[in-house]
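The structure under discussion appears below in the form of structure tokens.
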């Protein structure tokens, strides 16, 4: 896993900008968050990028959850005194190489601050196109791997039948 590339997602902003997820916002906030995570997990898996969904919260301090039990995919809950936008800005400013960071938000101020810091700003639709391409690549890799395994199994089976 490359810890050198980061994908920071302004989670509630992206959820609000996505019709299917926005419908879940009223009453099923955790489900909307988890569905967004599932949608972008292919980027994490295919591209070896550290992914963080940044979320507003009412908590006293920054809290981190690892929904897939891997350190490189996390939910970051902003402290009540700071917004998700503020957490994103601080991360981008503190990372050694801002060009290794991609930030996804539909908020123009977040996008401008991201670009001003040297990081890449993406819109939600670009994120979902990227995730779809990664999902297709993972499926192709799986098919290729399965085909190779079948050939190995057949070759091994042919040897056993000849004995």
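Read-outs: derived from the displayed coordinates by stated rules, not from any lab. The model shown is predicted, which means the values in this text are computed figures rather than measured ones. Heads up, the Cβs are rebuilt from the backbone with ideal geometry, glycines too, and the neighbour counts pull from every protein chain shown.
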Can you tell me the orientation of helix 84-94 relative to the chain, as the angle in degrees between its alpha-carbon axis and the longest Cα principal axis, to the nearest 10?
70 degrees
How would you rank 23-31, 99-107, highest first, on the average number of other Cβ atoms within 10 Å across their residues?
99-107, 23-31
Read-out log10 I(q)/I(0) by the Debye sum over Cα atoms at q = 0.11, 0.17, 0.19 Å⁻¹, candidates [x] -0.61, -1.30, -1.43; [y] -0.49, -1.00, -1.23; [z] -0.55, -1.03, -1.18; calculated match is [y]
So what's the gap between the Cα centers of region 89-148 and region 1-62, to the nearest angstrom?
12 Å
Efficiency of FRET from Cβ geometry, residue 68 and residue 145, R₀ 22 Å, rounded to 0.05
0.60
Contour minus end-to-end for residue 4 and residue 138, with contour as 0.36 nm per residue of separation and end-to-end as the Cα-Cα distance?
46.1 nm
The chain: calculated mean residue ellipticity at 222 nm from DSSP helix runs of at least 4, using -39500 (n - 2.57)
-17500 deg cm²/dmol
Determine the gain in length on full extension of the stretch residue 96-residue 126; use 0.36 nm per residue of separation and subtract their C-alpha separation, reporting nm with one decimal.
8.3 nm
